[in-house]
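The values are calculated or read from the model by the stated rules, or taken from the named source; none is laboratory data. The model shown is predicted, which means the values in this text are computed figures rather than measured ones. Every residue, glycine as well, gets a Cβ built from its backbone with ideal geometry; the counts of neighbours run over all protein chains shown. Just so you know, the surface numbers come from the protein's heavy atoms only, side chains and all, with ligands and any DNA or RNA stripped out. Shrake-Rupley method; radii C 1.70, N 1.55, O 1.52, S 1.80 Å.
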Amino acid sequence: MTIHAYAAQEIGGKLEPFEYNPGSLNGEEVEIDVEYCGICHSDLSMLDNEWQMSQYPFVPGHEVVGKIAAVGDRVENFRVGQTVGLGWFANSCMKCEWCSTGDNNLCADGEGTIVGRHGGFADKVRAHAGWVFPLPDNIDPAKAGPLFCGGITVFSPIVQFDVKPTDRVAVIGVGGLGHLAIQFLKAWGCEVTAFSTSPEKEDEARKLGASHFINVKEEGALEAVASRFDFIISTVSADLDWVSYINALRPKGRLHIVGVAPNPLSFGVFPLLAGQKQVSASPTGSPHTIEQMLDFTARHGIETMTEMFPMSEVNAAMDRLRNGKPRYRIVLQR
Ligand SMILES: [Zn+2]
Ligand SMILES: [Zn+2]
């Protein structure tokens, strides 16, 4: 059989039609007929080999929604035709300490859907059945792709670090991840503040659930919220004024980072020490947390805001992400 995909042949290259033969289906894998695939900033980073782990030809795409096309002979929990999603991970060892206690996203042998594998900018993609998830009926498949990477990346820390409904929280960045983080935290019960450098996003941030909007470009904006927050999540891939954000935490507060800042972080120990504060980071989420997120999303009517491109216009879509700042997540439709 042949899978028809879009691949770059070199670092930063244009995506062009590319065919490959995936071989026979592994007994524990499923094959998905791709219907939609979101575009994540990591697809761009991997296309550009920013993390020195890309292989070419490179097929991006790790926010897949589609229908099960085939199941391996040891897969019992999926049937052909079922609508499912697939995110950053396509496999993990399933037997290490982390996999066997449900933290499969921390497995040292985890396989990214686009790392040493061909991703979802294609008519079909394969993954271990343990990393594929049924989509609840009342989530729109056309908008669901971004939940499987962007969504779980901001949902998982809420669970991992026990964010409480009584907490005052803040989201740095109203973008692909941030617009979902605001909705999750609002539905969780928290009072949510949005930090942004784009004042024109204020109305939308408030509609998504932010009670407060702070334009961090304004002089003194961060100083004005000193000792305010229990939890701040940074969703932006930029170097920030880390010291001011740490100062914006209450004692025992946490600054949590899911956006990959280009440079090492720099801040003194004393502000952390005096307030018993924490700085942390996390990668996507575990299979069980993905299931919780899907259930929570369906129950609270949380919706990804998307711009749709046909998959045949994948290069235009990638350029829009690179230059145009989409509102808020681009999804390719096959
Ligand atoms: Zn991603
Ligand atoms: Zn493992």
**Item:** Every pair of residues 6+ apart whose Cβ atoms lie under 7 Å, when the first sits in the stretch 256-273 and is touching a residue at least 24 places away in the same chain (Cβ under 8 Å) while the second is among the aromatic types (Phe, Trp, Tyr) and not in a loop (DSSP other than H, G, I, E, B)
**Value:** HIS256/PHE231; SER266/TRP242; PHE267/TRP242
**Message:** Of the conditions (1) touching a residue at least 60 places away in the same chain (Cβ under 8 Å); (2) closer than 30 Å to ALA122 by Cα, ARG320 satisfies every one except a single condition; which number is it?
**Reply:** (1)
**Asked** In this structure, does GLY13 turn out to be of a type in the set (Gly, Ala, Ser), more than 22 Å from the chain's Cα centre (by Cα) and open to solvent by less than 40 Å² (accessible area, probe 1.4 Å)?
**Response** yes
**Message:** Anything in the stretch 35-56 that is buried (at least 18 other Cβ atoms within 10 Å of the Cβ) and either within 15 Å of the chain's Cα centre (by Cα) or within 16 Å of ligand 1 (Cβ to nearest atom) (or both)? List them, or say none.
**Reply:** TYR36, CYS37, GLY38, ILE39, CYS40, HIS41, SER42, ASP43, MET46, LEU47, SER54
**Request:** Mind listing just one residue for me: the one in the stretch 69-109 that is touching a residue at least 40 places away in the same chain (Cβ under 8 Å) and open to solvent by less than 10 Å² (accessible area, probe 1.4 Å) and, of those, nearest to ligand 2 (Cβ to nearest atom)?
**Result:** ALA90
**Message:** I'm told GLY253 meets every condition in (1) part of a strand (DSSP E or B); (2) touching a residue at least 60 places away in the same chain (Cβ under 8 Å) except one. Can you identify the failing condition by its number?
**Reply:** (2)
**Prompt:** Looking only at the stretch 117-129, which residues are away from ligand 2 (no atom under 16 Å from the Cβ) and either part of a strand (DSSP E or B) or basic (Lys, Arg) (or both)?
**Reply:** ARG117, ALA122, LYS124, VAL125, ARG126
**Item:** Total residues in the stretch 212-250, condition among the β-branched types (Val, Ile, Thr) and modelled with pLDDT under 95
**Value:** 1
